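Here's the structure, in structure tokens; my notes come after.
The values are calculated or read from the model by the stated rules, or taken from the named source; none is laboratory data. Fair warning: this is a prediction, and the values are worked out from it, not measured in the lab. Note that each Cβ is placed from the backbone with ideal geometry, even for glycine, and that neighbours are counted across all protein chains shown.
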Amino acid sequence: MFRLIRELIRPYRGTLLIILLAMLLETAMSLAGPWPLKIIIDNVIGNKKMVPWLDHIVRPMLEGGGKMQVALLAALATVLIAVIGAVATYIDNYYTESVGQWVAHDLRMRTYHHLQRLSLGFYDTHQTGPLLSTITTDIQTIQGFASSSTLNILIDMLTIVAMLGLMFWLNWDFTLIAVAVTPFLLFFVSRFKKAVKKATHEVRKEQAEIVAVVQQGLESVRVVKAFGRQDMEQEELGEVSQATVNAALAARRVKSLLSPVVTITVALCTAVVLWRGAALILAGAMTVGALTVYLSYLSKFFKPVKDLATTTNAIAQAAVGVDRIRAILDTDTIIPERPDAIVPAAIKGDITFEHVAFGYDPQVPVLKDVSFTIKAGQLVGVVGPTGSGKSTVVSLIPRFYDPQAGVVKIDGQDVRDLKIQALREQIGYVLQDTVLFRGTVADNIAFGRPGATREEIIEAAKLANADEFISRMTNGYDTMVGERGLTLSGGQRQRIGIARVMVRNSPILLLDEPTAALDSESEKLVIEALERLMKGRTVITIAHRLSTIRDADQIIVIADGVVKESGNHDELMARNGIYAELHRTQFDDASAKAGAQAAP
């Protein structure tokens, strides 16, 4: 855990030094605080001698009858000590907050950067809710520990040592009382350290479940309302919330006992000191002022001891946060980029699969031995039964995943020899349901190429048949898009998605049945836009409706993890194989439905 903490705070060593000096000054002022009172009690009210160095300064005033001058100096010293302590506290708090915020920022960016680099395989097996909880709650916990708790531990230890020294100097046998009970307190806390960490881990886990449930409920609120399942969603949240409460209460015994145990211990020590101190004062072996200072130190001594004890809880929480962050940072499902990877020159668009095998679970292959060749500028349809691996084939081209065997090539070059970012910049992607991001319409189109000019954005929208409806919006291209674009129709979202790919101007285009969920009018507009987009590009389209690929240059049929058939529509129909069967099934069903609708 501490290795990650050291990495995070290393860039802020200068600021941490300022914080440390401020804390040391705070501690010094805390140690000096009781002494003006001792001077008043022993040297102004009483006639006791001070420590030699102080007595040498103050004695002439006392002998000259200037006891009120000494009292004034003691009063001013009290104010000066408070002011210096307050300034040190301000500096400490100011810079601690600064370091904490920057540490959180650095760790947040580091974690999010790593999440962005992970392959899609990671997201196939991880829920979004726990990831959101980690990047918010856990990082916030680490922020507090890294910026303040680490230095507080050091200062508390130094304070304990300094106070022990002063207490031994004032009265060594009293100090043995405090020294004797300190190990008991530390043992008491360490005894339950594992229990606190385990309970904290459970709390974090259940809190992540709360985030997951709430996120799912809010994202699916339309479906929830449509099916009248609000009560069921609320019940599910109630269950995970109750589990969070139970996990948090599991550590309550330790956390609740800590403060009372310290309070009772301090009271017992104070009682012994008062009893013994009264006897020494009556015997003339101790002054009232010395006892007052000692009692002040005794109460202050147990504060850093208590702080160190309670820090166990902070350490446990930070350790859990670090474990959860490490679980992300240590994940190695990153698509590797070779050290000698190159930026591809202008890509023509030839695509080759050579004996490619892949499975999301290596023990359950989706593709077993897939081989085919696509010429630059061809329109190629990929068809097959549900679950045959059509989307998987398309996902291997931009290296969302890497094959477990075989090679994927573009223009004769293994895609693993190319820089990932440069490769993906050569590929456009249009999905069944275009995802729009928070921002304006123009921002969403420019997402395809952030450097696009306003003129290029408008031209792309015109080619995508999107300019007409965008221009009718209240603020045109500067209209803010609602969350995930749900304020727009499916056809409008698709046309913005096509404009996004238009402005990218990539030589390779991957389509995942972009018209499947559209009505006839929207489909017509989208198909017109796609026809413009596909000109001069290599296009691979996953086809569920076979009518959309009737004019394709090549149709590839995937089944049982291999290429079962390939050819154009007429060739595959003549072969009377899988494609012909899929075609008959689809169009016979369509004819039957049309006949049923036409019947009186």
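Per-structure values
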{"quantity": "Residue among Asp350, Asp340, Asp443 that is over 20 Å from Lys564 (Cβ atoms) and touching a Phe, Trp or Tyr at 6+ places or on another chain (Cβ under 9 Å)", "calculated": "Asp443"}
{"quantity": "Residue in the stretch 205-225 that is under 26 Å from the mean Cα position of the chain (by Cα), at pLDDT 70 or above, part of a helix (DSSP H, G or I) and of a type in the set (Lys, Arg) present", "calculated": "yes"}
{"quantity": "Pair list, Cβ < 8 Å and 6+ apart or interchain, from the stretch 541-559 residues that are without any contact (Cβ under 8 Å) to a residue 24 or more places away in the chain to residues that are surrounded by fewer than 23 Cβ atoms within 10 Å (Cβ to Cβ)", "calculated": "Arg550/His569"}
{"quantity": "Within the stretch 431-449, tally of residues that are of a type in the set (S, T, N, Q) and either buried (at least 20 other Cβ atoms within 10 Å of the Cβ) or free of Cβ contacts under 8 Å to residues at least 24 places away in the same chain (or both)", "calculated": "2"}
{"quantity": "Close pairs (7 angstrom Cβ cut-off, 6 or more residues apart or separate chains): assigned by TED's automatic domain parsing to the domain that holds Pro36 in the stretch 64-87, modelled with pLDDT of 70 or more and in a loop (DSSP other than H, G, I, E, B) anywhere", "calculated": "Ile81/Gly33"}
{"quantity": "Condition met for Arg495 (in contact (Cβ under 8 Å) with a residue 24 or more places away in the chain, surrounded by fewer than 20 Cβ atoms within 10 Å (Cβ to Cβ) and touching a helix residue (DSSP H, G or I) at 6+ places or on another chain (Cβ under 7 Å))", "calculated": "no"}
{"quantity": "Given (1) modelled with pLDDT under 75; (2) closer than 30 Å to Leu164 by Cα; (3) assigned to a helix (DSSP H, G or I), number of the condition Trp275 does not satisfy", "calculated": "(1)"}
{"quantity": "Conditions (1) surrounded by fewer than 14 Cβ atoms within 10 Å (Cβ to Cβ); (2) modelled with pLDDT of 75 or more; number of the one not met by Ile19", "calculated": "(1)"}
{"quantity": "Number of the exception - His126 against (1) more than 16 Å from Leu16 (Cα to Cα); (2) loosely packed, with under 15 Cβ neighbours inside 10 Å", "calculated": "(2)"}
{"quantity": "So Pro344, is it outside any strand (DSSP E or B), of a type outside the set (Lys, Arg) and either within 30 Å of Leu572 (Cα to Cα) or out of contact with any strand residue (DSSP E or B) (no Cβ under 8 Å at 6 or more places or on another chain) (or both)", "calculated": "no"}
{"quantity": "Among residues of the stretch 534-551, those that are small (Gly, Ala, Ser) and surrounded by 20 or more Cβ atoms within 10 Å (Cβ to Cβ), counted", "calculated": "1"}
{"quantity": "Contacts under 7 angstrom Cβ, first residue in the stretch 464-478 being farther than 25 Å from Glu531 by Cα, partner of a type in the set (Ser, Thr, Tyr), 6 or more apart", "calculated": "Met473/Thr479; Asp478/Thr440"}
{"quantity": "Residues of the stretch 396-432 satisfying the condition of being in contact with a strand residue (DSSP E or B) (Cβ under 9 Å, 6 or more places away or on another chain) and polar (S, T, N, Q)", "calculated": "Gln404, Gln413, Gln426, Gln432"}
{"quantity": "Segments classed as helices (runs of 4 or more DSSP H), wholly inside the stretch 100-155, with at least 3 members that are modelled with pLDDT of 75 or more and over 12 Å from the mean Cα position of the chain (by Cα)", "calculated": "120-124"}
{"quantity": "So Ala357, is it touching a strand residue (DSSP E or B) at 6+ places or on another chain (Cβ under 7 Å), exposed (fewer than 15 other Cβ atoms within 10 Å of the Cβ) and modelled with pLDDT of 85 or more", "calculated": "no"}
{"quantity": "Residue in the stretch 552-581 that is surrounded by the most Cβ atoms within 10 Å (Cβ to Cβ), counting only those that are under 14 Å from Ser371 (Cα atoms) and among the charged types (D, E, K, R)", "calculated": "Glu565"}
{"quantity": "Identity of the residue in the stretch 420-452, of a type in the set (S, T, N, Q) and in a loop (DSSP other than H, G, I, E, B), that ends up nearest to Ile542 (Cα to Cα)", "calculated": "Gln432"}
{"quantity": "Test: residue in the stretch 327-344 that is crowded, with 20+ Cβ neighbours inside 10 Å and not basic (Lys, Arg)", "calculated": "yes"}
{"quantity": "Qualifying strands (runs of 3 or more DSSP E) (wholly inside the stretch 472-565; at least 1 residues being at pLDDT 80 or above, touching a Pro at 6+ places or on another chain (Cβ under 9 Å) and not aliphatic (A, V, I, L, M))", "calculated": "538-542"}
{"quantity": "From Ile374, Ile342, residue being touching a residue at least 60 places away in the same chain (Cβ under 8 Å), over 15 Å from Ile556 (Cβ atoms) and β-branched (Val, Ile, Thr)", "calculated": "Ile342"}
